[in-house]
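A.B. asks: The structure follows.
The values are calculated or read from the model by the stated rules, or taken from the named source; none is laboratory data. Remember, it's a predicted structure, so these values are computed and weren't measured experimentally. When we count neighbours, we look across all protein chains shown, and the Cβ atoms used for this are built from the backbone with ideal geometry, even at glycine. Ligands, DNA and RNA are stripped out before the accessible areas are found, and what is left, the full protein with its side chains, is counted by its heavy atoms. Shrake-Rupley method; radii C 1.70, N 1.55, O 1.52, S 1.80 Å.
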Amino acid sequence: MAEAIALVGCKGPDQETEYLRILSAAMPEERLIPFRTMDDAARTAARVAVVANPDPAEVAALPGLVWVQSLWAGVEKLVSAFDRPLPIVRLVDREMARTMAEAVLAWTYYLQRDMPAYARQQRERVWHPHAYRKPSDTTVGLLGLGALGTAAAERLTGAGFRVVGWSRSPKAVPGLDTFHGAEGLPALLGRCDILVCLVPLTPETRGLVNADRLAALKPAAALINFARGPIVVAEDLIAALDSGHLAHAVLDVFAVEPLPAESPLWSHPGVTVLPHISGPTDMDSAAATVAANLRAYRRTGRVPDGVDAARGY
């Protein structure tokens with residue numbers, strides 16, 4: 001049997017036990033050991049680490065690593081954690097894409113059907129129906145056209161929404177008007193009734209949705225952030241909501257998680273706060289993906305395609 005694989009970043013013993021059980025069942029030929037229980041010899045011998053949301057220092061304490069397999073799609077904490085080139089393989093999982101697309105569609109409906117207004121009216125005991133707005137009269141802009149963005153686009157167009165998309169570099173998606181680069185972003189924003197953030201967090205996307213970008217949206221537009229918290233400048237978002245230019249924001253991700261109790265986002269009438277639940281990892285599906293990657297590596301010696309360190313994803 002090959003050297004043990006390090007399992008790093010589980011949140012507590014219950015999650016560690018669950019992950020070990022599911023991953024071991026998917027690849028019984030491998031030996032997984034939690035980082036915390038590995039002795040110095042095992043840490044030195046490990047060539048592969050499977051990580052959840054790890055402390056980068058723990059991964060860096062495995063000096064013999066050849067590559068890292070993430071159980072998350074987001075890998076921004078790992079990209080800058082090493083003083084040597086080390087392939088980091090993101091979780092590219094069809095089930096995660098399906099789950100995220102489902103969440104994008106659900107919360108887009110929430111905004112299109114004026115659910116925040118009706119919730120507010122219920123609290124105020126106001127009985128007032130609003131005019132119906134068809135999906136075909138609603139333009140949804142997707143920031144990010146990777147696996148998650150393209151899956152969301154398919155669900156949204158299938159539901160009748162007008163959909164436009166933006167990516168860092170040119171990308172064609174059937175049925176979508178697409179824009180790219182810094183010059184393409186204002187054109188997309190000016191068409192959006194609802195803007196959905198699905199881009200990875202990189203130096204280029206940190207603070208991407210700032211006061212100027214929010215001002216470029218249609219009046220009374222809405223925002224959904226299912227990407228990473230620092231992509232949206234929180235102070236600028238609150239100012240846009242307070243001015244009335246932005247009607248509502250659905251936020252599932254934050255710069256600090258859990259969201260601190262003193263954050264003004266909790267009580268802001270224009271914000272729906274979610275506890276990072278839009279695209280949860282399905283461990284059975286993820287384990288199958290990880291097992292396939294490891295078997296290919298053991299068979300060929302070739303590391304799976306990983307993150308481009310220069311781009312950050």
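A.B. asks: When a/c reaches 1.5 or more, the comparison of a/b and b/c decides; with that in mind, is the range 149-231 rounded, prolate or oblate per its Cα gyration tensor?
C.D. replies: Because its axes are fairly even, with a/c under 1.5, the range 149-231 counts as rounded.
A.B. asks: Using the Cα centre of the range 146-216 as the reference point, and only Cβ charges (+1 on K/R, -1 on D/E), how large is the resulting charge dipole? Debye, rounded to the nearest 20.
C.D. replies: 100
A.B. asks: In square angstrom, what is the accessible area per residue of the range 1-137 with a 1.4 angstrom probe?
C.D. replies: Each residue of the range 1-137 exposes 54 Å² on average to a 1.4 Å probe.
A.B. asks: Distances longer than 35 Å among the Cα atoms of the chain: what percent of all pairs is that?
C.D. replies: So the pairs more than 35 Å apart make up 27 percent of the total in the chain.
A.B. asks: Given an 8 Å cut-off on Cα distances and at least 6 residues of separation, report the relative contact order of the range 1-145 as a percent.
C.D. replies: Value for the range 1-145: 18 percent.
A.B. asks: Taking H as built 1.01 Å from N, whose amide H comes closer than 5 Å to the amide H of residue 30, not counting residues under 5 places away?
C.D. replies: none
A.B. asks: Additional query: What does the charge count around residue 94 come to, taking other residues whose C-beta lies under 14 Å from its C-beta (Lys +1, Arg +1, Asp -1, Glu -1)?
C.D. replies: Summing Lys and Arg as +1 and Asp and Glu as -1 gives -3.
A.B. asks: Can you pull the percent of the range 128-261's accessible area that's carbon plus sulfur, 1.4 Å probe, other chains left in place?
C.D. replies: Roughly 57 percent of what the probe reaches on the range 128-261 is carbon or sulfur.
A.B. asks: Rounding to the nearest 10 and keeping the result within 0 to 90°, find how far the Cα-based axis of helix 115-124 lies from the longest principal axis of the chain.
C.D. replies: Rounded to the nearest ten degrees, it is 70.
A.B. asks: What is the Cα coordinate range of the range 95-137 on the first, second and third principal axes, sorted by size from largest, in whole angstrom?
C.D. replies: The Cα atoms of the range 95-137 stretch 40, 24, 7 Å along their principal axes.
A.B. asks: Can you list which of the GluC sites (Glu not before Pro) found in the range 8-46 are DSSP loop residues with at most 14 other C-beta atoms within 10 Å?
C.D. replies: 29
A.B. asks: Kirkwood Rh and Cα-based Rg: tell me the resulting Rg over Rh for the range 162-313, rounded to two decimals.
C.D. replies: 1.04
A.B. asks: Between residue 263 and residue 20, what's the calculated FRET efficiency when r is the beta-carbon distance and R0 is 41 Å? Round to 0.05.
C.D. replies: E between residue 263 and residue 20, to the nearest 0.05, is 0.75.
A.B. asks: Show me, for the range 154-166, the HN-Hα J-couplings you get by feeding each phi into the Karplus relation (A = 6.51, B = -1.76, C = 1.60, θ = phi - 60°), rounded to Hz, glycine and proline as x.
C.D. replies: My calculation for the range 154-166 gives 5, 5, 5, 5, x, 8, x, 6, 7, 10, 10, x, 10 Hz in order.
A.B. asks: Classify the range 96-227 as rounded, prolate or oblate from the Cα gyration tensor: take a ≥ b ≥ c as the square roots of its eigenvalues, call it rounded if a/c is under 1.5, otherwise prolate when a/b beats b/c and oblate if not.
C.D. replies: prolate
A.B. asks: Treating only the Cβ atoms of Lys and Arg (+1) and Asp and Glu (-1) as charged, compute the dipole magnitude of the range 225-313 about its Cα centre; round to the nearest 20 debye.
C.D. replies: Here the size comes out at about 740 debye.
A.B. asks: Based on alpha-carbon atoms only, what is the radius of gyration of the range 184-267 relative to the globular estimate 2.2 N^0.38 Å?
C.D. replies: 1.02
A.B. asks: Answer rounded, prolate or oblate for the range 1-144, using the Cα gyration tensor with square roots of eigenvalues a ≥ b ≥ c: rounded when a/c is under 1.5, else prolate when a/b is larger than b/c, else oblate.
C.D. replies: prolate
A.B. asks: Please give the per residue accessible area of the range 251-305, computed with a probe of 1.4 Å over protein heavy atoms only, in Å².
C.D. replies: Spelled out: the 1.4 Å probe surface of the range 251-305, per residue, equals 54 Å².
A.B. asks: Just in the range 80-136: which chymotrypsin sites (Phe, Trp or Tyr not before Pro) are loop by DSSP and have at most 11 other Cβ atoms within 10 Å?
C.D. replies: In loop regions of the range 80-136 (DSSP not H, G, I, E or B), the sparsely surrounded chymotrypsin sites (Phe, Trp or Tyr not before Pro) are 127, 132.
A.B. asks: Next question, about the same structure. For the range 235-277, what log10 I(q)/I(0) values come out of the Debye formula at q = 0.18, 0.24, 0.26, 0.32 1/Å, with one point per alpha carbon and no solvent?
C.D. replies: For the range 235-277, the Cα-only Debye profile gives -0.49, -0.84, -0.96, -1.26.
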